[in-house]
Every structure is written in structure tokens, then in C-alpha cells.
1. Inspect segment 45-53 for any residue being surrounded by 15 or more Cβ atoms within 10 Å (Cβ to Cβ), of a type in the set (G, A, S) and at pLDDT below 90 and give the result as yes or no.
2. Hey, among L93, L139, which residue is more than 23 Å from V37 (Cα to Cα), modelled with pLDDT of 95 or more and assigned to a helix (DSSP H, G or I)?
3. Pull up segment 215-258, narrow it to residues that are small (G, A, S) and at pLDDT below 90, then point me to the one that is farthest from I277 (Cα to Cα).
4. Looking only at segment 126-170, count how many residues are of a type in the set (D, E) and touching a Leu at 6+ places or on another chain (Cβ under 7 Å).
Amino acid sequence: MIIVHKINDDPDFKSASTPTGGSSAVSVAAALIDREVNTNSWVANDPFFMPGYLLDNMPHYQQGIIYAISRFAVEMTDQIGRSRGSSEVDKDLDKASGLLKYPGTTWIFDFSTSMVPTASSESQYRSAQRSLLAYNQRLASGETKFERRADNLQATLLRFTADLGSSSAVIDDHLAKAGQWGIDTEADDIFYSAKGRLYAYYLILRDLGEDFESVNANKELSPSWLLMLDSLRQASTLDPLVVVNGKPDGLVGPSHLAALGFYLLRARTQLREIINILQK
């Protein structure tokens, strides 16, 4: 049997190398794009004649990953990769953040808009990866900025926390429908989309902790940071054979969305605790 879809949620995934003086978080974000687009093959835009066209768990997972990396790229552009709000935006970060907003479902043809070939999701994401790597090389050479300040980290974590709140709201809304008759065809979509986001956030925040090592030490963040990472890790490695949206208090049938939502909310609460510490 040919396996066409495989979800890779390895919590120990690392970038093969980070240039001296570069950002570990940027390196792992670029490596994650490379893994999902090139090594694993991007499947979210598979046309109808591809073997895995009807499978949708991996597509939602991959798009969740890219969404989280896109949010990180925006924060790098607006906060960490510039001296102050009035300073010039880094060209490579700006390009990467724009490209990562490209829809993940666009094949080389998009007949809803044109009959001629168009840029595929893969080509845009590969270009974004190259821009992230270019930024990191310039950072290592001292040609651009990576502001390791507590206020920059705080602002970035606030945006991540808001995004986790959005994911939590989607899960909570669907949990209200738990236990209804019929097959729930949306539960696995929501589960794997959120799982992809949480997995990418876990890797990025793990390595962002290394980038902001001095801030973590000065603010004594390490215990809280590790607890937050543990919650994200547990959420992103949940691996049910079949996603079931049972009632959270039901006697029969688990609620995988409730389990994922629990770890998500715990991570969000822990992020808020870290933000409070950074404000002091």
C-alpha cells in the first residue's frame, strides 16, 4: 500500500544548522517550510486526479503549520526584526510574511480566476523560505536587526496568545455540537488545523526561548517557559486513530477536541503568565 499522506509531528525537529549570530526560531521556521513543502510534499492543493485527493487531515495540518509560521513572520517584520516602530521594515521578512499569506490550496491552475497557469502554493512558500534564510544570513553578517528586548518578546507573545484564543473559540463552538446524530465531518478538520498551528508554535517558541536567552535569564522565565512548552508539546503530539467529537462529559466516546482544547487553553494561560512577568 502506498502511503500518500503522513503527518509529521516530531517534537524534536530542529533546523540542520543556524548561522552563528542568526536566529534559531527563524531557522526552524524555514526548515519546517522545507520539510512540509519539499520533503513531505505539499498536499493541500492536490488536484482531483492525485491519489490522496479525498484525504483531508494532512492538508489541514499543513495549512495550520503555515498559518502559525505566517503569524511569526508578521511579528518578525513588525516587532523583532526592526529597531523601533518607526524604523525601516526588513525587506526579506516583509517578503516572507506576504508570501506565507498565500492560500495553501492553489495548484498551478486556478480556473476560478484564470485559464492560464498561476503561482502554486508550493512556489510561494519556497520563495518565503528563501527569504527567511536570506534574512538569517544577513543577520549573522550584522546587516540587519534582531531586537532581543523584553517589550518585543512581550508584543510577539501577545499576538500568539490572541491567535490561540481564536483557535480555542473554534473548538469551543464545535464542542457545543458534540454528540449529535450522524457523522461529524468537521471535527477532524478542526482538530488537525489546530494541531498544525500548535505544533509550529511549539517549535518556534522553543527556539525563540534560545534567541531571547538573556531576557529569559533576567526575568527568570525558564520555569514558566518550560511549562508552556510542555503544554504545547502535549497538544501537538495528540494522535488519535480517528477524531471523535463525543460529549466532554459523556460516558461513551472520547472528545479529542476537548482534549486538544484543554492543552491549548493551558498553554494560552501560561503564555499570559509569561507576558505578565515581562511587564514587571
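The values are calculated or read from the model by the stated rules, or taken from the named source; none is laboratory data. If you're wondering where the values come from, they're calculated on a predicted model, not measured in any experiment. A quick note on method: Cβ atoms are made from the backbone with ideal geometry, for glycine too, and the neighbour counts reach across all protein chains shown.
1. So in segment 45-53, the residues surrounded by 15 or more Cβ atoms within 10 Å (Cβ to Cβ) come out as 45-46, 52.
Applying the additional criterion that residues be of a type in the set (G, A, S) yields 52.
Then keep just the ones that are at pLDDT below 90; that gives 52.
Scanning segment 45-53, I find at least one residue that is surrounded by 15 or more Cβ atoms within 10 Å (Cβ to Cβ), of a type in the set (G, A, S) and at pLDDT below 90, so the answer is yes.
2. Values: L93 fails: more than 23 Å from V37 (Cα to Cα).
Answer to the selection: L139.
3. Initial filter on segment 215-258 (small (G, A, S)): 217, 222, 224, 231, 235-236, 246, 250, 253, 255, 258.
Within this subset, residues satisfying the condition of being at pLDDT below 90 are 246, 250, 253, 255, 258.
Details: G246: 37, G250: 38, G253: 40, S255: 34, A258: 29 Å.
Checked segment 215-258; the qualifying residue farthest from I277 (Cα to Cα) is G253.
4. Let us first name the residues in segment 126-170 that are of a type in the set (D, E), namely 143, 147, 151, 163.
Next cut, touching a Leu at 6+ places or on another chain (Cβ under 7 Å) only: none.
Number satisfying all stated conditions: 0.
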